[in-house]
1. For the stretch B:130-201, which helices (runs of 4 or more DSSP H) that fit wholly inside it have 1 or more residues that are within 25 Å of A:Gln196 (Cα to Cα) and more than 11 Å from DNA strand D (Cβ to nearest atom)?
2. Tell me which of these B:Arg116 doesn't satisfy, since it passes every other one: (1) under 30 Å from B:Ile180 (Cα atoms); (2) surrounded by fewer than 19 Cβ atoms within 10 Å (Cβ to Cβ); (3) more than 14 Å from every other protein chain (Cβ to nearest Cβ).
3. What pairs can you find where one residue is in the stretch B:180-201 and surrounded by 21 or more Cβ atoms within 10 Å (Cβ to Cβ), the other is assigned to a loop (DSSP other than H, G, I, E, B), and their Cβ atoms are less than 6 Å apart, with a gap of 6+ or different chains?
4. For the stretch B:34-82, which residues satisfy the criterion of being in contact with an Asp or Glu (Cβ under 7 Å, 6 or more places away or on another chain) and of a type in the set (Gly, Ala, Ser)?
5. Could you please find all residues in the stretch B:170-193 being within 14 Å of chain A (Cβ to nearest Cβ), β-branched (Val, Ile, Thr) and under 12 Å from B:Ala152 (Cα atoms)?
6. What are the pairs with Cβ atoms under 6 angstrom where one residue, in the stretch A:152-168, is among the hydroxyl-bearing types (Ser, Thr, Tyr) and the other, located anywhere, is surrounded by 14 or more Cβ atoms within 10 Å (Cβ to Cβ)? Sequence gap at least six, or different chains.
7. With respect to A:Gly97, determine if the residue is over 25 Å from B:Ala11 (Cβ atoms), in contact with a helix residue (DSSP H, G or I) (Cβ under 6 Å, 6 or more places away or on another chain), in contact (Cβ under 8 Å) with a residue 12 or more places away in the chain and not in a helix (DSSP H, G or I).
8. Among residues belonging to the stretch A:76-94 that are outside any loop (DSSP other than H, G, I, E, B) and among the polar types (S, T, N, Q), point out the one that is surrounded by the fewest Cβ atoms within 10 Å (Cβ to Cβ).
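Just so it is clear, none of the values below were taken in a lab; they were calculated from the coordinates. Owing to the predicted nature of the structure, the values given are computational and were not obtained by experimental measurement. Glycine also receives a Cβ, built like all others from the backbone with ideal geometry; neighbour counts cover every protein chain displayed.
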Number of protein chains: 2
Amino acid sequence: MIRLLLADDQALVRGALAALLDLESDLTVVAQVGRGDEVVEAARESGADVCLLDIEMPGLTGLEAAELLRSELPGVRSLIVTTFGRPGYVRRALDAGAAGFVVKDTPARELADAVRRVHAGLRVVDPTLAAESLMAGPSPLTARETEILRLALDGSPVATIARAAHLSQGTVRNHLSSAIGKTGASTRGEAARIAQSRGWL
Amino acid sequence: MIRLLLADDQALVRGALAALLDLESDLTVVAQVGRGDEVVEAARESGADVCLLDIEMPGLTGLEAAELLRSELPGVRSLIVTTFGRPGYVRRALDAGAAGFVVKDTPARELADAVRRVHAGLRVVDPTLAAESLMAGPSPLTARETEILRLALDGSPVATIARAAHLSQGTVRNHLSSAIGKTGASTRGEAARIAQSRGWL
DNA sequence: ACCTGGGGATGACACCTGTCACGAGTCGCG
DNA sequence: CGCGACTCGTGACAGGTGTCATCCCCAGGT
């Protein structure tokens, strides 16, 4: 019997996934959490074998939770289950120690198999996604450019970004200009969206 | 036995919801679709009593699908099940003939009850959401402002928006300026995000 | 010691944006 | 009819933005 932990911030989705997986005779859901920072504790207390982690959660992201799990509970395997198949996410998930990566577009019947493969020590990655991840390659953005772009995501004016990053407006504009060039965009808004869609932020 | 149709673009969520609802002895899922424009046909063929509709779907939105259902199959009731509890969505959902509105944050065990209430002819709306919907009020934006703002959502420059809307750049800037004023924003990007968060787009 | 690359900053320039004033056409309503 | 609301447009202006050249400092390689 494989013991599962579910982490997803949407209670309805969490409960529904639990119902789906509990239908399988060899799987049982032993814990459910709605925040990333509750994953490790719940996994320890429940004695889970495999953790299904959504990426976008309050507290900690699923990627960060996977990293914590690897260091705190090395015997527990993580399977990322997320809405967004951003190329950069796959690489970061595997770097963070996740054993699998599944998008919520995949057919429901395949999820249980993915869980079993992960539990068996195999890596599970959507082949289409894996290809995209290789095509897109790693982020060409420097650390600072990434940070500035993230602050520019909501369309804030340069002055606001500069204050938030403790930089001069000129420097911010230089970093943005560089990021715009690297993403092939023509405005910072477009650059930010491109970078996000590639999972670089 | 209440016959259900599920419409959600994420196959995994769709399948999981089906598993959850099929656990109830008085409910049965008779159809599943991943696109808004397949809802009416599937509902007709399957003889569904209640349709659970996600809002964000390819083809047609859940709100548009609900409107079509009301005119084509008046006996079928719609229950909107969505991620976003945007105030404007609730009003538009009820205007579109939906019998209920539930966000994906609600506990899983409440969903079946919501379905039963809707089937019984009652209206089901999250009370917190209903209050927010009344507070926010209707959209203050004119038709054109709404359209222009929607085009500005992705941060396109004025020139691009003007071409897309077949308008002069000056007119676009005027509409945007007006929308910025009405939303209390200071850039078109911020205005667009505010309007979207209120469900005005 | 030298070169390279990232980070930080400045100043200048062309261009884009947000705002305002103003005008003109259409439509519905009292 | 007159009025108001919406739409479309122009022109002008201040301020924000993107680009570029040019510095400085510092950490790693060679």
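1. Working: elements: B:143-152, B:158-165, B:169-183, B:188-197.
It comes to B:143-152, B:158-165, B:188-197.
2. Going through the list (1) under 30 Å from B:Ile180 (Cα atoms); (2) surrounded by fewer than 19 Cβ atoms within 10 Å (Cβ to Cβ); (3) more than 14 Å from every other protein chain (Cβ to nearest Cβ), B:Arg116 breaks only (1).
3. B:Gly189/A:Gly155; B:Gly189/B:Gly155; B:Ala191/B:Ala185; B:Ala192/B:Leu153; B:Ala195/B:Leu201; B:Gly199/B:Arg86; B:Trp200/B:Ser139; B:Trp200/B:Leu141
4. B:Gly34, B:Gly36, B:Gly59, B:Gly62
5. B:Ile180, B:Thr187
6. none
7. Numbers: over 25 Å from B:Ala11 (Cβ atoms): yes; in contact with a helix residue (DSSP H, G or I) (Cβ under 6 Å, 6 or more places away or on another chain): yes; in contact (Cβ under 8 Å) with a residue 12 or more places away in the chain: yes; not in a helix (DSSP H, G or I): yes.
Judged against the criteria, A:Gly97 is a match.
8. A:Thr82
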